[in-house]
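Report on the structure given below.
The values are calculated or read from the model by the stated rules, or taken from the named source; none is laboratory data. Quick caveat, the model's predicted, so the values are computed rather than measured. Note that we place each Cβ from the backbone using ideal geometry, even for glycine, and neighbour counts take in every protein chain shown.
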Amino acid sequence: MSNWRVKLLYDGDCPFCRREAEWLKRRDREGRLALEDISALGFDPARYGLSWAEVRGVLHGVLPDGRVVRRVEALRQAYQAVGLGWLAAPTRLPVVSWLLDCAYGAFARNRAWLGKMFDRPCKSVACAVKSVPSRRR
């Protein structure tokens, strides 16, 4: 039986996404973070009620009850799960939360270009898919 508190659906082809996922996993001493690489063969976003465009557009987290969180909220949940909730706590403030979601959206849309700029290119063109508007659940 798994005791994860959040499962991050991250893009293993994106060097930034992969690095953050690996960093979080190293800090997960209690096994409360599950990672699922959306670039892996056999990954099916429909299993979570999502489309390919949605999972490629922004980071998603799945909670044990099946709810899906996106963008910075997915990262907040992951940080909380690995015991770094204190680090993400200020990001819950309304104005800060809104600003970070906007900044994250810009990052997600431009991660392929940013990767090239920092000599960390994406492994596939899927990494560069434009973000789609998130559906509220």
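Descriptive notes on the structure:
- Selection count, the range 74-106, where residues are more than 17 Å from Arg26 (Cα to Cα) and in contact (Cβ under 8 Å) with a residue 24 or more places away in the chain: 6
- The residues on offer are Val96, Val55, and the sole one that is in contact with a strand residue (DSSP E or B) (Cβ under 7 Å, 6 or more places away or on another chain) and in a helix (DSSP H, G or I) is Val55.
- Cys127 falls short on exactly one of the conditions (1) touching a Cys at 6+ places or on another chain (Cβ under 9 Å); (2) at pLDDT 90 or above, and that condition is (2).
- Residue match in the range 78-94 (condition: β-branched (Val, Ile, Thr), surrounded by fewer than 18 Cβ atoms within 10 Å (Cβ to Cβ) and over 10 Å from the mean Cα position of the chain (by Cα)): yes
Every residue, every condition in (1) surrounded by 15 or more Cβ atoms within 10 Å (Cβ to Cβ); (2) modelled with pLDDT of 95 or more, yes or no:
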| site | (1), (2) |
| --- | --- |
| Cys14 | yes, no |
| Glu22 | no, no |
| Glu36 | yes, yes |
| Leu41 | no, no |
| Tyr48 | yes, yes |
| Val55 | yes, no |
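- Entry remark, the range 34-67: residues being closer than 20 Å to Arg111 by Cβ and not small (Gly, Ala, Ser) number 14 in total.
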